[in-house]
Every structure is written in C-alpha cells, then in structure tokens.
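The values are calculated or read from the model by the stated rules, or taken from the named source; none is laboratory data. In this text the structure is predicted, and so the values were computed from the model without any measurement. Every residue, glycine as well, gets a Cβ built from its backbone with ideal geometry; the counts of neighbours run over all protein chains shown. Surface accessibility is based on the protein's heavy atoms, side chains included, excluding ligands, DNA and RNA. Shrake-Rupley method; radii C 1.70, N 1.55, O 1.52, S 1.80 Å.
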Amino acid sequence: MAGRFLGKALATVSLSLALVSVTVRSYGCRSIPAYRNSFSSCWFHLSTSTMSGSNGSKENSHNKARTSPYPGSKVERSQVPNEKVGWLVEWQDYNPVEYTAVSVLAGPRWADPQISESNFSPKFNEKDGHIERKSQNGLYEIENGRPRNPAGRTGLVGRGLLGRWGPNHAADPIITRWKRDSSGNKITHPVSGKHILQFVAIKRKDCGEWAIPGGMVDPGEKISATLKREFGEEALNSLQKSSAEKREIEEQLHKLFSQEHLVIYKGYVDDPRNTDNAWMETEAVNYHDETGEIMDNLTLEAGDDAGKVKWVDISDKLKLYASHSQFIKLVAEKRDAHWSEDSEADCHGV
C-alpha cells in the first residue's frame, strides 16, 4: 500500500515538474514573481530541467549517467533510449547490467554493505544515524529493497563506484576572482563588454577532465566544513603541508570561507558514476574574492585527487566534468560576468 501511494505521489510530482519546466521555458529569463528567489529565473529553469528526466521529457538531460563504458571499468551499460529514461514509461524488457566496483565491495568505511547482508537495514529517505539518506530533490522510490534513481533509468544497477545506496552527497566550492591586468584593473571582454571572471579548476586524476575542486560529505559533517576541506586538499595540497603551513592555510581559508557566499545549486547531478540505485547529489557554493587579496596569499598546488590546478577564465567554451559547466554558467550570470560572445546565449537552457 505504501509503495503504491509513494508511486502515485512521485508520478504527480514528476508531472508537476514537467509542467513547471514548460512554463519557465515559455517565459525565457524574464522575471517570474511566483517562482523568484535570490537567483535569476534561469536557476529555476536548470533545477527543474535537471529532474525532468523522470519523464524522459528532456533529451539533453540525464546523458552522462548513461555513458559507457562505466568509469574505471570495461562494463558496458544496457542502452537506454531517451524516450525510455523515465520510470513512468513502461518497459517490461528492461534488463540493466549489474555492477559494483571491487573497491566498494571491499567494505571501506565510506561504503554501505550489500543490500542482501542481514545486518544492514538502511533508513532510506531519512537521516540514518550520521548518514544523510534524504535526497535534496525529495522522496525517491524503493523497489525490491533498493532505492531508485529519481532521474530515471541508467542501464546499470548496483552502486558502481559509489559508496552509498541512494543519494551520495558531495560539495563543490566555486572560488572566483576578477581577471585583472598588470595594473590591477578588471579586464573586460571585447565582445560582450562584461568583466571576465576566473575560477579555480582542478584536473581530475581519475578521468583527466577539468572540474570544480570538491568531494564527498563525510557522515555528520557540515557542508561548510566539506567545502573548505576539499578546496584545501585538492587546490592547496594541504594534506602534505607542515603544521605551520597548515595553520597559515587555515587562516586564509577562514577569511575566504567566512565571506558572503552564494548557494548556486542543490540537488541531483548528471554524473557518469550514477546507477539505477546510487546517484550523486551536490551543493555547489560560490565564494568570491572581490579584490583578489585573499587568494594572492595562497599558492595553488594540486593535491589529493587533483593532478593539476589553475585559474581558468569563465566562458561558454569550457568543457568540464559532470554538470560543472552548468554551475559555472550560473555563477557568471549571478555575478553579471562574461559568459558568451553571443548576447542571446545568456538565457538559453544549459
């Protein structure tokens, strides 16, 4: 009974999201008072479009979660056409591949046991001890004891490289500054006429793609602590520093992360590691060093999961890991910075 009720509830939510997404697109990026928050209406468009894959209604969403081979393996997903991504679409012959990486099955502290283990009784859709099993996108369904990806089918069941059944929570710190010339003046893009914004990017060791430095939220850890820790480890190599150097880095990071910040995005992420039963969610937060003085006292140095680190000019030409280009676009819009040489592109869906 509970399963049928939850299924109906999710169907209603999915339909509502699809209708809202259509409504927002019809308005473009004009102000929509009923849905406005501290961000532009483009932010609302992204958040609804990201989840519209539940109905298979948006062809360019939920793509990376269907790519093969699965990261770090030779495993090929079962192919899922756009029109059959949504769980509401009946597909009796759906036969996804089962895969959980050996590194996850080995039982590290950051990973759940297998669902079949008798002493494992996870509390899905709620706080489970120190582990957050709530989704930032609301309730998700449980089928045969396994949580079901709220964005739709991926062609693969199990957990892949992800440790948790259901949502795997991450945090992405987007550190920005204005690009300046040798005299300290902000540089303006010659076509758009807007100032150029830069952000700290890392090159991931696992896939070689450029990305926002970020990582998983530890059980019981506050998002703010994760953001600061991950930036220090990946962009400043804090794990390899002496005690004195760590104290100096901590002081500068405290100044940076104590400033007013913008929560750019919270929710499901179209990630190549996602499966039908485990998926990535993140909170992307922008910390802006307006004068650049704080970051001038910090030397970028790749560490932990990062192979390289550098300041990158923000524009629509960026090719980044997972959904990171979308997050960077939102930062540019909010800061009224240069994004595209096409003046019409600022309000197009991403």
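Rolling a 1.4 angstrom probe over the protein heavy atoms with all chains in place gives the stretch 206-325 an accessible area of 44 Å² per residue.
Take each peptide in 86-97, 168-179, 328-339, count the other Cβ atoms within 10 Å of every residue, and average; sorted highest first, the result is 168-179, 328-339, 86-97. Restricting the calculation to Cα atoms, every distinct pair contributes to the Kirkwood radius of the stretch 196-350, found to be 16.5 Å. Taking the 1.4 Å solvent-accessible surface of the stretch 264-350 as the whole, the part contributed by carbon and sulfur is 42%.
Under the Kirkwood approximation applied to all pairs of distinct alpha-carbon atoms, what is the hydrodynamic radius of the stretch 119-189 in Å? Write down the numbers at each step before the final one.
Working: mean 1/r = 0.0639 Å⁻¹.
Value: 15.7 Å, from the Cα pair sum.
Taking all protein chains together, Thr299, Thr282 sort by accessible area into Thr299, Thr282, largest first [probe 1.4 Å].
Net length available on complete extension from Glu83 to Lys310 is 77.7 nm, with 0.36 nm assigned per residue and the Cα-Cα distance removed. Of the cross-linked pairs Lys194/Lys310; Lys186/Lys228; Lys194/Lys241; Lys74/Lys319, which ones have a Cα-Cα span greater than 31 Å in the structure shown? Pairs exceeding the cut-off: Lys194/Lys241. For the stretch 206-266, trypsin sites (Lys or Arg not before Pro) are listed when DSSP marks them as loop and at most 13 other Cβ atoms sit within 10 Å of their Cβ; the list is Lys222.
Please work out the average accessible area per residue across the stretch 48-191, using the 1.4 Å probe convention, and give it in Å².
It amounts to 51 Å² per residue over the stretch 48-191.
So, with a 1.4 angstrom probe, what is the percent of accessible area on the stretch 48-196 that is carbon and sulfur? Please list the in-between numbers first.
On the way: 3540 of 7550 Å².
It is 47 percent, rounded to a whole number.
Which FRET efficiency value, to the nearest 0.05, is calculated for Asn95 and Glu245 with the Förster distance at 56 angstrom and r the Cβ-Cβ distance?
On the way: r = 53 Å, r/R0 = 0.96.
Once rounded, the FRET efficiency stands at 0.55.
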